[in-house]
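The next block holds one structure in the form of structure tokens; read it before the comments.
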Amino acid sequence: MTMDARYEALRTALEQDPDRDVTVREGALVVHQTAFAFLAGSSLAVRLPADRAADLIKREIAELLRHDPGADWVTISDPEDWPELAAEAHELASGHQPGNRS
């Protein structure tokens, strides 16, 4: 399965979940008018709390894309990690502090 197809599958699953209120705007996954994930080349970019992003970078699961106050955008190359980290990014964009699951 191509990365585009994997992203489309993730997007569809999130959009169809009635509890998540996910829409797509300019290619990014959005909740409450806040982008939380998008496809960046062959990686998934997600916005996570800075400490969570730093942990993922240290463990070589993610690479820093951009630093924002209080949160960082990181890219995740392994599509097996995409659903979990997209869910964490969704929680943050929804106004909740995501937990450290991986």
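The values are calculated or read from the model by the stated rules, or taken from the named source; none is laboratory data. These numbers come from a predicted model, not from an experiment. Positions of Cβ are generated from backbone atoms using ideal geometry, with glycine treated the same way; all protein chains shown enter the neighbour counts. The accessibility values were calculated without ligands, DNA or RNA, using every heavy atom of the protein model including side chains. Shrake-Rupley method; radii C 1.70, N 1.55, O 1.52, S 1.80 Å.
Odds and ends about this structure:
- Every pair of residues 6+ apart whose Cβ atoms lie under 7 Å, when the first sits in region 40-69 and is more than 25 Å from residue 4 (Cα to Cα) while the second is surrounded by 14 or more Cβ atoms within 10 Å (Cβ to Cβ) and hydrophobic (A, V, I, L, M, F, W, C): 49/71; 49/92; 50/71
- The single residue among 53, 37 that is assigned to a helix (DSSP H, G or I) and of a type in the set (Gly, Ala, Ser) turns out to be 53.
- Among the residues of region 62-83, the one identified as open to solvent by less than 20 Å² (accessible area, probe 1.4 Å) and not in a strand (DSSP E or B) is 82.
- Given (1) part of a loop (DSSP other than H, G, I, E, B); (2) in contact (Cβ under 8 Å) with a residue 40 or more places away in the chain, number of the condition residue 86 does not satisfy: (1)
- For region 1-46, the candidate set comprises residues that are charged (D, E, K, R) and on the phi > 0 side of the Ramachandran plot; within that set, the residue that is least open to solvent (accessible area, probe 1.4 Å) is 21.
- Each residue in region 58-102 was checked for being modelled with pLDDT under 85 and closer than 21 Å to residue 30 by Cβ, and 7 of them qualify.
- Residue count for region 70-83 satisfying the condition of being more than 12 Å from residue 50 (Cα to Cα), out of contact with any Phe, Trp or Tyr (no Cβ under 7 Å at 6 or more places or on another chain) and without any contact (Cβ under 8 Å) to a residue 40 or more places away in the chain: 5.
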